Amino acid sequence: MELTREEEAALDGKQGETLALAYRTLVAIGEASGADRLIPIEWAHLSGVNYNTIGDAGKEFLAHLSQDAKFKVKTTVNPMGFDFDSVSRYHLDDKFIENQRSIKNSYEKMGVIPSYSCIPYEIFDVPKQGTHVSFAESNAAIYANSFSGLKTNKEGAFSALASALTGKSPYSDLRDDNLRKPNLTIRMKVESRDELTYGMLGYFAGKVAGSSVALSGVNGLDRRSCKSLCAGMGTSGACGMFTFGEEEGEKIDFDKNEMQKIHDELNTSEKGDLITLGSPQLGIDEIGDLASMLKGRSFQKRCMIFCPRAIQGQIRNLGYSKEIERAGGEILYDCCTCLSPLVDNKEVDSVVTNSVKGAYYLKSSNKVDVNLKSLKRIVEEETR
Amino acid sequence: MNVKVIVRGKTKGPLLVAKNPINFLGGIDKKTGIVHDKKHDLFGKSIGDKILAFPFGIGSSVGAYTLYSLKYNNCAPLAMICIKADLTTASGCAISNIPLVVISKDDYDLLQENKEITLDAVEGKIL
């Protein structure tokens, strides 16, 4: 890689150990991915916030780093393990809470915007077309590349962190227009469509595609389906972007058979003890939709609904939270289904969700069974 | 032997050569540096203060934090040699300041267990 004189000096430690560490990380990732230089980025979004994902090693690293590190560009963060406002209602041990607090404090000390959300594209103003950002949350990276006109690789926790500290990222893969073009098209052949089928399409695409993929036969996506597609894709592989329409090169059909295979992989129960909605977190449109679907109905079991803190005031003012809480829903902010310590396999055997990404992590990390169905079916079957 | 530098640095020490890929998150005790994955060919051995050669890293990207813990607990390798630099190993070595280089499969097969080598991960040479 060719570095500028300033970058070279920072790498050699002339601006302190923190920047040396950040540049070492960018250069290492750049060398490993074939980049020839570093380029400026305007916004970093970090993963590695939930104590369940980074553990003691991550907590210690961040505590050490935050002693003198400061973020150089706009930096937002993924959800943490729970909502501090409601954590006392859950049986969570004090150690987890303390460890999570330490991680939160470390990030905030370094100057993060305390968003604790996996949908930064929905709660912040999006920069102008073609702007380079550095998003570590996979659904957000895919959404940014595919819908928001931004450019990012599907970053790792450390590459995004190093980008936040330096305002730079290696120029490789999806940052390069020549490498963004998909060479595989997936033809959507499933007739009936809802957010769940699009989630499974994404999950299928993530498994078979390289860094980008074209989707044909897809149109009229609502917000819920867009997010589900991005999250499904981010869960199963390395793919960081899609385009609409057919491209040259190989073509694969996503038909009923392929969809059934994925459903069989992720759906391991015909019922659940608990419902979770959100992964990705629900934004204001989806919360509004949910509130109107729940008019005159009530959940027959616990239902946890995950949202960004940024919409708390609005959904209260619009009366959505009141309607959802009347129906028995528990709205939680700053956290999400994925690797949630609030879903404990000592208390529940199986969970109902419409999220393909949620299903994957509930199975692999929380070790519970999953009943995967669309939101429409959840409301029909789980409320009265 | 010429190498591609991923994380810079210079060091000297005995080689520890693995046949299997390493999962840092699940396979290594971060407090002692001892390989505790029973299925791994280095099972029971310490990777601390050695120049560790292994094909590539596997498993969760959180494994990068394990490398940092090893360094923090003074039981990290002196340097690492891989055939392929996966992003977890690359970023883990970078945040922990452990020199990392990539070599070809043919050169990898020439590495001898316990042999004292000098690794120059600035000029890109193994002596």
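Since every read-out is calculated from the coordinates, none of them should be taken as a lab result. Note that the structure is predicted; figures quoted are calculated from it, not measured. Every residue, glycine among them, receives a Cβ derived from its backbone with ideal geometry; neighbour counts consider all protein chains shown.
Details
- Per-residue average of Cβ from other chains inside 10 Å of A:48-55: 2
- Across every direction, the projection of the convex hull enclosing the Cα atoms of the stretch A:1-55 has a mean area of 4.9 nm².
- Whether the stretch B:31-118 is rounded, prolate or oblate, judged on the alpha carbon gyration tensor where a/c under 1.5 counts as rounded: rounded
- Set of lysines with alpha-carbon distance to A:K72 below 16 Å, sequence-local pairs under 8 removed: A:K109, A:K168
- Kirkwood-type hydrodynamic radius, the protein assembly as shown: 23.8 Å, calculated from all non-identical alpha-carbon pairs.
- Built amide H within the under 5 Å cut-off of A:S169, gap 5+: A:I39, A:I41
- Expressed as a whole percent, the proportion of Cα-Cα pairs in the stretch B:1-41 lying more than 16 Å apart is 55%.
- Cα-Cα pairs of the stretch A:306-383 separated by more than 16 Å (percent): 59
- Per residue of peptide B:62-69, the mean number of Cβ atoms on other chains within 10 Å of the residue Cβ is 6.
- Taking one quarter of the surface of the convex hull spanned by the alpha-carbon atoms of the stretch A:1-99 gives a direction-averaged projected area of 7.8 nm².
- Between helix B:63-72 and chain B there is an angle of about 80 degrees, using the helix long axis and the longest principal axis of the Cα atoms.
- Per-q log10 I(q)/I(0), the stretch A:67-208, q = 0.09 Å⁻¹ (Debye; single scatterer per alpha-carbon; no solvent): -0.37
- Partner chain coverage, peptide A:10-21 - average Cβ within 10 angstrom: 1
- Cα point-scatterer Debye curve for the stretch A:249-384, base-10 log of I(q)/I(0) at q = 0.15, 0.17, 0.21 Å⁻¹: -0.72, -0.89, -1.24
- Cα point-scatterer Debye curve for the stretch A:161-273, base-10 log of I(q)/I(0) at q = 0.12, 0.18 Å⁻¹: -0.47, -0.90
- Compared with the dominant Cα axis of chain B, that is its longest principal axis, helix B:87-96 is turned about 90°.
- The stretch A:133-221 - convex hull of alpha carbons, volume per residue in Å³: 102
- In sequence order, calculated HN-Hα J values of the stretch A:341-353 (Karplus, 6.51, -1.76, 1.60; Hz; x Gly/Pro): x, 7, 9, 10, 6, 7, 9, 10, 8, 8, 10, 8, 8
- Table column - 3J(HN,Hα) (Hz), the stretch A:324-336, Karplus curve with 6.51, -1.76, 1.60, x for Gly and Pro: 5, 5, 4, 7, x, x, 9, 8, 10, 10, 6, 9, 7
- Length-normalised contact order of chain A in % [C-alpha pairs under 8 Å, at least 6 apart]: 17
- Anisotropy class of the stretch A:290-339 from Cα gyration tensor, a/c 1.5 cut: oblate
- Distances between placed amide hydrogens fall under 5 Å for B:G9 paired with B:A121, B:V122, all partners being 5 or more residues away or on another chain.
- Degrees separating the helix A:223-236 axis from the principal Cα axis of chain A, which is the longest one: 60
- Estimated vicinal HN-Hα couplings, Hz - the stretch A:104-116 in sequence order (Karplus 6.51, -1.76, 1.60; Gly, Pro = x): 4, 4, 4, 4, 5, 4, 7, x, 6, 7, x, 7, 6
- Annotation: amide H-H contacts under 5 Å for A:I186 (H modelled 1.01 Å from N, sequence separation of 5 or more, or interchain): A:A214, A:L215, A:S216, A:I252.
- Prolate/oblate/rounded label for the stretch B:22-75 (Cα gyration tensor, a/c 1.5): rounded
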